[in-house]
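The values are calculated or read from the model by the stated rules, or taken from the named source; none is laboratory data. Note that the coordinates shown come from a computational prediction; the quantities given were computed from them, not determined experimentally. Quick reminder, even Gly has a Cβ in these numbers, built from the backbone with ideal geometry, and neighbours come from all protein chains shown. Just the protein is used for accessible areas: all its heavy atoms, side chains included, with ligands, DNA and RNA removed. Shrake-Rupley method; radii C 1.70, N 1.55, O 1.52, S 1.80 Å.
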Amino acid sequence: MKLVGTRSIEDRSSFLAAAAGSTPEHGGLFVPERWPRFEDADALLALPWVERCARILERLIGDELALADVRAVVGEALDFPAPLAPLADGTFALELFHGPTLAFKDFGARFLAAVLERVPARGPRTILTATSGDTGAAVASAFWKRRGVRVVVLYPAGRIAPLQERQLACLGENVTAVAVAGTFDDCQALVKRCFADRALVARHGLASANSINLARVLAQVLYYWEAVAALRARGVSATPVVAVPSGNFGNLCAGLYAREQGLPVRAFVAATNANDVVPRFLDTGRYEPRATVPTLSNAMDVGAPSNWERIERLFGGDRERMRSVLRSGSATDEQTEDELVRMARLDYRACPHTAVAHRVLRERLAPGETGVFLATAHAAKFGDAIDGPLARAGFAPTPLPVALARLLGRRIERVELANDLDALVAVLDR
Ligand SMILES: *Cc1c(COP(=O)(O)O)cnc(C)c1O
């Protein structure tokens, strides 16, 4: 797969070099030069999950990884289900939280780790990543105890859920958890500045596991295919509208890429919390990144979404074309809490991010359309945030899955860091 930079077509990369950390010299992000369009979408949709994933990935990266390796990566990294759950209101949840850290980030992180395992490093390799909550856990888990790789995860101190923090700060070994005095955008900015320092990148073999790493986005393309396949398996042949709870917009970008490949999707719904730069842009034409506002759906607390540049590029910056495929809306925390209760009454326990997606989907779905929303994390990861409103409506607390309950007795080990580049470089050099 040939990649080009979003800011200069002089910037070029192979997929594997970009997965291993190469970023465009002139800034921006790497994107595929073009997406292949699959003429056999119906046949692909009829295949079982693992086989379909392998076939799609072979066509994308088969020129760089041996076919046996592509299949091994799929078997190793994508070995958990993504079931489609019907709700009593006629919508469907595509549940992406059945991986080891109970959020959809497991797809991208595990895929990236499995791919990098097959790309020999020339020196040290350090995965440096900023997290608004779930990425850090997924990346730490995917790379934990892998030889020759160090993982450094930055997160905004006090702004991620306690269980999310335990998921990344209780591992130890080759994983360093860094609590930054700042917001997620501050963490992301620190990481970006590290990557802009070519000497630092070379010294540590820095690679990003954020969604600016195209490998992650590529893995996410696969479950959009699964959504349509699972609808068809249930006898629903309508072309769905798919709602995506969005923060950095990597997930939505993957959905748009799947559609580019020929996946039948009528439209996407970009659903955000109060950090609504993109819905505002789609409504007004003004793109105005802003400081992050903390909300209940913290993994979507992003004021300057890093993947928007890829989406813009896909549409050649044409807002009208975007609006023909992209609907959007946002939900306040109060509306999110109402939605959690409303969904519980439909016998569905959602996490706050998923509730945002369901709410905006309801608002944007036309009569007769089939709606799917991505359920991006397990409700129990956000127990404290959601049990209050649910308790007031008479619902019992969300039971804790074993994978999370196990963490409660473990010790947290974190480095506390000022929002300061030199301090971060010192941690890397340590
Ligand atoms: C990361 C995350 C999101 C936002 O995904 P983006 O790709 O950053 O838009 C939504 N929900 C959950 C649970 C997440 O962890």
Point to revise | Hey, E58 within 23 Å of the chain's Cα centre (by Cα) and more than 27 Å from A238 (Cβ to Cβ) or not | key: yes
Point to revise | Residue ID - farthest from the ligand (Cβ to nearest atom), chosen from residues in region 177-215 that are in a helix (DSSP H, G or I) and among the charged types (D, E, K, R) | key: R203
Practice item. Please go through region 296-341 and pick out each residue that is within 16 Å of the ligand (Cβ to nearest atom), at pLDDT 95 or above and β-branched (V, I, T). Key: I311, T336
Check your understanding: Just for helices (runs of 4 or more DSSP H) wholly inside region 311-430: which have at least 3 residues that are at positive phi and either touching a Ser or Thr at 6+ places or on another chain (Cβ under 7 Å) or surrounded by 19 or more Cβ atoms within 10 Å (Cβ to Cβ) (or both)?
Key -> none
Practice item. State whether one or more residues within region 123-143 are away from the ligand (no atom under 16 Å from the Cβ) and out of contact with any helix residue (DSSP H, G or I) (no Cβ under 9 Å at 6 or more places or on another chain). Key: no
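Rundown of residues vs (1) open to solvent by less than 20 Å² (accessible area, probe 1.4 Å); (2) part of a loop (DSSP other than H, G, I, E, B), yes/no style:
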| position | (1), (2) |
| --- | --- |
| T101 | yes, yes |
| G108 | yes, no |
| R118 | no, yes |
| A137 | yes, no |
| R147 | no, yes |
| Y155 | yes, no |
| L163 | no, no |
Exercise for review: Scan region 244-269 residue by residue and report those that are within 10 Å of the ligand (Cβ to nearest atom), in contact with a Gly (Cβ under 8 Å, 6 or more places away or on another chain) and in a strand (DSSP E or B).
Suggested key: V244
**Study point:** Count of region 230-243 residues which are in a strand (DSSP E or B) and in contact with a Pro (Cβ under 8 Å, 6 or more places away or on another chain)
**Key:** 0
Exercise for review: Report whether or not A230 is more than 10 Å from the chain's Cα centre (by Cα), farther than 25 Å from S13 by Cβ and within 16 Å of the ligand (Cβ to nearest atom).
Suggested key: no
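Of all residues in region 303-354, how many are of a type outside the set (D, E, K, R) and under 21 Å from H378 (Cβ atoms)?
Total meeting the criteria: 13.
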Study note, to complete from the structure: When (1) more than 26 Å from R59 (Cα to Cα); (2) away from the ligand (no atom under 13 Å from the Cβ) are applied to N275, the one that fails is (2)
